[in-house]
Amino acid sequence: MQVRLLWLTAFCALIAALLPDAALAQNSNGAMDRALAEVAGNGRPLSLSLQILLLMGLLTILPSLVLMMTSFTRIIIVLSILRHALGLQQTPPNQVLVGLSLFLSLFVMQPVLSDINRAAITPYGEQQIGIEEAVSRAGASLHGFMLAQTRKGDLALFTKLAKSPPLASPKDVPFSILLPAFVTSELKTAFQIGFLIFLPFLIIDLMVASALMSLGMMMLSPTIVSMPFKLLLFVLVDGWALTMGTLAASFASG
């Protein structure tokens, strides 16, 4: 059920990203139907088969959407840095890291997904609201999450690069500006967390290298010797629970 909600949310956010003003507009009556009618070229909406074809084409962008508009980016980068800090090249394998990142992202995004399901997906499924209103509500929920995790400096940078006029409130920031600012902030935060994780393992490497140098064992790789000590330290401090908990808490404090 949660995976289904994630894909439905991603599709709604995709439409909101492609039509940044429609996601936040309050009186956009019939804009999507008019767009479909213009594509059809005869003043009528597209047929069901063509709409399905258009939908399948948009689904190809969903993986990038899940990566760039949720907590996935920060989590996968931190876990990759942790693996390198431990000196493990392929353990855990990439499939495990991606799976951990995906399910932790579902946990972090649970409040947003629940809000979208309550405000947009369920009413649309019960035919209480139209597709435009559903997209608007879903886009507003994602917009709030992304805005809370975006640094003001990054937001100001891309607003300046886009030569956008002054915005009345943060809610008026379009997705075309918010998305690159959000990704930049996520990368910066991920590397900050990764540095703090990497530092104690780097100290162990330096201590082992100094000990081997003093013993005259210069031909022995310090990485091989330090790896068991780093694994022992990681297990003793319950590293996986600490890392996952810190990642989840970093979004709550955003």
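The values are calculated or read from the model by the stated rules, or taken from the named source; none is laboratory data. These figures come from a predicted structure and were not determined experimentally. Cβ atoms come from the backbone with ideal geometry, glycine included; neighbour counts cover every protein chain shown. The accessibility values were calculated without ligands, DNA or RNA, using every heavy atom of the protein model including side chains. Shrake-Rupley method; radii C 1.70, N 1.55, O 1.52, S 1.80 Å.
For the stretch 185-236, the gyration tensor built on C-alpha atoms gives a prolate shape. Its axis ratio a/c (a ≥ b ≥ c) is at least 1.5, and a/b is the larger of a/b and b/c. When Lys171, Lys152, Lys188 are compared by accessible area of protein heavy atoms, the largest-first order is Lys152, Lys171, Lys188, using a 1.4 Å probe. Loop-resident GluC sites (Glu not before Pro) (DSSP state other than H, G, I, E or B) in the stretch 84-183 with no more than 12 further Cβ atoms inside 10 Å of their Cβ: Glu126.
Name the shape class, rounded, prolate or oblate, that the alpha-carbon gyration tensor gives for the stretch 137-254, where a ≥ b ≥ c are the square roots of its eigenvalues, rounded holds for a/c under 1.5, and otherwise prolate holds if a/b is larger than b/c and oblate otherwise. Cα axes put the stretch 137-254 in the prolate bin.
Under 22 Å of direct C-alpha separation, and excluding same-chain neighbours fewer than eight residues apart, Lys171 reaches these lysines: Lys152, Lys160, Lys163.
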